[in-house]
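Student: Take a look at this one; I'll ask things after.
We did not get these values from a lab; they are worked out from the coordinates using the rules stated. Bear in mind the structure is a predicted one, so any value in this text is a computation, not a measurement. Heads up, the Cβs are rebuilt from the backbone with ideal geometry, glycines too, and the neighbour counts pull from every protein chain shown.
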Amino acid sequence: MIYLMHGTAHEKARTKARELTDTLQKKKPDALFYRITSLNFSEQPLELLVSGQGLFSSKYIVLLDSVFDSKEIKEEVVGALKEIAESENVFIFLEKEIDKKTLEKLDKYATKVQVFNTEEIKKKNEFNPFALSDAFLSRDKKRLWEILLETKKRGVAPEETHGLLWWQVKALALATEAKTAEESDLSPFVFSKAKRAEKLFSKEEINTMLFDLVTMYHEAHRGNVDLWVELEKWGLRI
C-alpha cells in the first residue's frame with residue numbers, strides 16, 4: 001500500500017505525513033516503523049521492507065523520506081512500485097517536487113496522493129474581509145455568520161468589521177433611493193452591486209439594520225455590550 005505526499009510546501013506535507021504515521025501506528029501498535037532516507041536506504045534492503053515481516057510484528061510502516069534526492073535510489077524504488085503497492089506493508093512517500101513521468105507512475109499505484117503546493121496553500125489561507133459584504137448583499141445568513149466568526153478568529157478588530165458592514169448597509173440604503181450611481185454618490189461598481197440586492201430588502205429592514213448598527217456601536221463603547229457578540233447576533237437577524 002502506497003501513500004504519497006508531495007509538493008513545494010514541504011513542511012506542510014511533512015506534517016501530514018507525520019499525522020498519517022501516528023494514525024497508522026495507533027491502529028497497528030504492533031507494527032514496526034522505519035524512516036528511510038537517502039542516507040540510510042541501504043541499511044534496510046527494499047526487498048525486505050516490501051515482503052518481510054518482523055519477528056513479533058505482522059506489518060511494517062515505512063516512511064520513505066525524500067529518497068528521490070538520490071537518482072540511484074529513485075530508480076530502484078520506482079522500478080519496484082508494483083511490488084510496493086501489492087505489499088501488505090504500508091509505504092508513505094514524502095517528497096518535494098516530482099517530475100511528471102515519475103508522478104504518473106506513482107499515481108498509478110498509490111492508494112492516496114496528496115499535493116501540498118505553496119501557492120495553493122497561500123490562496124487557501126487568504127482572507128477577504130469584503131466577503132462579508134457579498135454575504136450580506138446575497139442575504140446569506142449562514143455564510144455571513146461564518147465569515148464573522150472567521151474574521152474574529154483572525155484577530156480583526158470588531159470596529160473594523162462593524163465599519164465595513166455599516167458602509168455596505170449605508171450603500172444599500174443610498175442605492176434604493178437613487179436611479180443612477182451619480183445620483184447616489186456611489187461608485188458605479190458599488191451602486192450596481194447594491195442595486196442588484198435591493199429586491200432582497202425592504203426599506204424598513206434597511207433602516208432597522210442601520211439603527212441597530214449605530215446602537216450597538218455606541219453601547220459597546222459605553223461598555224454595556226460586547227461588539228463582537230452584537231455583530232454575530234445582528235448577522236443572524238438579517
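Student: Compute the distribution of all C-alpha to C-alpha distances in the chain, in bins of 5 Å from 0, and list the percent of pairs in each, rounded to whole numbers.
Tutor: Here the calculated profile for the chain is 1, 6, 11, 12, 11, 8, 5, 5, 6, 7, 8, 8, 6, 4, 2, 0, 0.
Student: So what does log10 I(q)/I(0) come out to for region 127-237 at q = 0.12, 0.18 Å⁻¹, using the Debye formula with one equal point on every Cα and no solvent?
Tutor: -0.40, -0.88
Student: Taking the Cβ-Cβ separation of residue 130 and residue 14 as r and a Förster radius of 35 Å, what is the calculated FRET efficiency to the nearest 0.05? Display every interim value, and only then the final one.
Tutor: Details: r = 34 Å, r/R0 = 0.97.
Efficiency at R0 = 35 Å is approximately 0.55.
Student: Tell me the relative contact order for region 96-238 as a rounded percent, counting alpha carbon contacts under 8 Å between residues six or more apart.
Tutor: 26
Student: Moving on. If you average 1/r over all unlike Cα pairs in region 2-124 and invert the result, what Kirkwood radius do you get in angstrom?
Tutor: Values: mean 1/r = 0.0679 Å⁻¹.
Result for region 2-124 stands at 14.7 Å.
Student: Taking only the Cα atoms of region 138-187, how large is their convex hull per residue, in Å³?
Tutor: Spread over its residues, the Cα hull of region 138-187 gives 82 Å³ apiece.
Student: Another one. Run the simple label-point estimate for residue 83 and residue 179 please: 7 Å along Cα→C-beta, distance reported in nm.
Tutor: Distance between the two pseudo-spin positions: 8.3 nm.
Student: Just grab the label-to-label distance for residue 192 and residue 30, each label 7 Å out from Cα along the Cβ direction, in nm (one decimal).
Tutor: Taking the simple label geometry, residue 192 and residue 30 are separated by 6.8 nm.
Student: Taking 0.36 nm per residue of sequence separation and subtracting the Cα-Cα distance, how much length would be gained by fully extending the chain between residue 226 and residue 51, in nm to one decimal?
Tutor: Full-extension gain reported as 56.7 nm.
Student: Something else: Can you give the relative contact order of region 16-103 as a percent, counting alpha carbon pairs under 8 Å and 6+ residues apart?
Tutor: Details: 102 pairs, mean separation 28.3, N = 88.
RCO, region 16-103: 32 percent.
Student: Can you give the extra length, in nm with one decimal, that the chain gains between residue 142 and residue 167 once fully stretched, where that is 0.36 nm per residue apart less the Cα-Cα distance?
Tutor: Details: separation 25, 0.36 × 25 = 9.00 nm, distance 2.05 nm.
Answer, rounded to one decimal: 7.0 nm.
Student: Using θ = phi - 60° and the Karplus form 6.51 cos²θ - 1.76 cosθ + 1.60, what ³J(HN,Hα) does each residue of region 183-194 get, whole Hz, x for Gly and Pro?
Tutor: 5, 7, 6, 10, 5, x, 5, 5, 4, 5, 5, 5
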